[in-house]
Amino acid sequence: MKKIVTALTMGALVAGSAFADFTVNANYRQRATLYANYEGNVGGKGFGYLDAYQGSGTDNLTMKMKGDIVTFDFMAVTDEATTTKIRLKNVDAEVKLGPVTLFGGIVADGKSNGAYRVKNDCDAGAFEGTDFEYKKLGSIYAKSPSLFVDNPLQNVAGAGENLAASLKYSLDADFGKLDLSGWYISNESSTSSLKANTTPTTWSNHSLSFLADASLGFGKVEAIVKVGDYNTKKEWESDADAKTEEATAVAFGAYVQPQLPVPGLTLTVGGNGSLIAGAFTDWGVDLRARYATGALSISSFHAFSGLTDDGVVRLGGTAATKGIALSTGNDKGKDAGTAFSCTKVMSNNLLVRYAINERFAVTGIFADMIWLGDVPGTKTENGEKVANNTDVDTQIDLRFSAWLQIYAAKKAYVNIGLVESISNVNKANDADNAYHVFAVPVIFRVQM
């Protein structure tokens, strides 16, 4: 961290006179679990699971040099596993030429609008998604092409290795404002090679994203289409040589944020879908709402996703990546979610926050994950994979948490929580898989 600060301080002295606006921002977060008690036997691992907040710290430092025409952006981060390791996450430039904006660089963070996610940093940022909003718009399923559908860079294989370029055109007209953007993303690293992976996980090699964002008289509308190589073996084909060939995937979504007559209320509603090799694989719908008045804010997130038979075959028995944050061995507190999956999954999340004064705030969070439909599976018929789903009763996972937020300064605070997670994953087939965790996590965060 000291090396990053020194380097960027020197850069500030050089660049400060050349750009109209120069900013340096730092964000440090450390997570730990002060106490945890486990009951149950998950996958034969007994009491070995940690609470999802257990994990090492993360910090990043950004530097932005903004001019009237050209803007440069840098982001350096420390590796979560070894904090002595530093890498550049974003190194990019943006050029504005009237209504046209050109962008290019090496990037790993998402460049999406984000306004449709209906969140506020004081609510969501401290929790980093484990108990709040890792659940961005898009499919619930981890291996779906429409995961985080409105982020052109999300779900691309490899970290910090994506070469991206975009063209954005802004139009002001009588009907409102329209922003059209197209993205090209290239990732040719060894970790993104189609032949190096056995299951569909990410966009890979080359992909294109098209986003339309319109502000109209009745509200805002966002539409997304993503097309490109998808990291998959074609296990549904009988030809063994075809198993390592590229598959083309398409993800699409549309979301509306209407103007409402209620002050302080924001609503987002929309849906998404995916195709792999021309077959419709999965679909999803999202409903988001946030109401803020004075010291009180209420945020509500709801998502429902389903797999088609083609999705069962092409995506396999994929697990959910967003939803309830149960303890399933994920120690980074980012994408915790149960490993169990069904052909239909529903996720709900409700957060209520009240700022007592400038020093203290309290937050209560309720989340559930409801597994519906069948357990996805496949079998081979005539040399090709076909769906072979298993009947299962509805399963429900619950998580309750209460937090005290203590501010040393406006952007320096400690979160102390009480968390209870209750799971009956696959309990109908194996009662030993039911478990619950009680934990006392703590999060320390400083922003500058």
Hz values of 3J(HN,Hα) by residue in region 209-226 - Karplus curve (6.51, -1.76, 1.60), Gly and Pro given as x
10, 10, 10, 10, 10, 10, 9, 10, x, 9, x, 10, 9, 10, 10, 9, 9, 10
How much net charge surrounds Val70 when only the other residues with a Cβ under 13 Å from the Cβ of Val70 are counted, with Lys and Arg +1 and Asp and Glu -1?
-2
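How would Val24, Val419 rank on accessible area, largest to smallest, probe 1.4 Å?
Highest to lowest solvent-accessible surface, that is Val24, Val419.
Can you give the alpha-carbon Rg of region 349-397 over 2.2 N^0.38 Å, where N counts its residues? Mind showing how you got there, number by number?
Numbers: Rg = 21.6 Å, N = 49, 2.2 N^0.38 = 9.7 Å.
For region 349-397, the normalised Cα radius of gyration is 2.23.
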Can you pull the accessible area of Lys96 for me, 1.4 Å probe, Å² to the nearest 10?
100
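The values are calculated or read from the model by the stated rules, or taken from the named source; none is laboratory data. Predicted model only: the values in this text are computed from it and were never measured. Note: ideal-geometry Cβ built from the backbone for every residue, glycine included; neighbour counts use all protein chains shown. Accessible surface areas use protein heavy atoms only, side chains included; no ligands, DNA or RNA. Shrake-Rupley method; radii C 1.70, N 1.55, O 1.52, S 1.80 Å.
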